[in-house]
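Derivation of every value follows stated rules applied to the coordinates shown; laboratory data play no part. From a predicted model like this one, the values you see are computed outputs, not experimental measurements. Glycine also receives a Cβ, built like all others from the backbone with ideal geometry; neighbour counts cover every protein chain displayed.
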Amino acid sequence: MSSFVKKLLIGAICVVLFGYTSTRVNAQKTITRASIAESLEPYTPIFFVGYSHSPTSYIFLGKTPYSSSQRASIGYISPYSVRISGGYLNFSARLHPIVEYRYSKRDAGGSLDTIRGWSLDPFGLSSTVQLNKTTRLRNTVYGGFTIMPYSFPTDKGRRLNFNFELQSTIEQALGKQYVLSFGGAFHHISNAQTGEQNPGIDSIYMLLRLSYLID
């Protein structure tokens, strides 16, 4: 278990370092920004903080109903891009402290339990579509893992769970270095059949994010 977690942590660090190294290489070029739109070019590295909330869970891949959650987030979007069909793919990584996960626990007859933990999503890819001079759409897919203080969401589950998220946000530039984003995401968490039970939870998140663009 500890060996596997260490490998995932090393992977996350590599993603961030790779993106940051690319930032330094690109920074050798003299870049002139004449407009807000230029500050949103794919070579711009981004740090962000955010908050997301899911009022309830849905039965799709997971099997646990009546679950709600709140998360904080801090993350990084790399300026390193791969261009495909006129669009760009950017690497991203983020850390999610779980402020609260309130879920239906089948071991206790479906009564609600509350837990806190943290998630690390080291594997993220995003693409953007420019809507106008200061606004764009960002679509992102994240993959990672979650650590809880005890077995979740049943006593026969696991402390270590895996998650993926499909996210879509509208980004609005606020001057040349700040961007305010809002949108939604589909999030799935489960232990990938590594526990005796794997009920899983599917959530629809509403999210708000503030990003800082680095010169």
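In terms of packing, defined here as the mean over residues of other Cβ atoms within 10 angstrom, the peptides 124-135, 150-161 line up highest first as 150-161, 124-135. Applying 1/(1 + (r/R0)^6) with r as the Cβ-Cβ distance of Arg102 and Thr135 and R0 = 30 angstrom yields a FRET efficiency of 0.30.
Less than 5 angstrom separates the built amide H of Trp118 from those of Ile98, Ile147, all sequence-distant by 5 or more or on a different chain.
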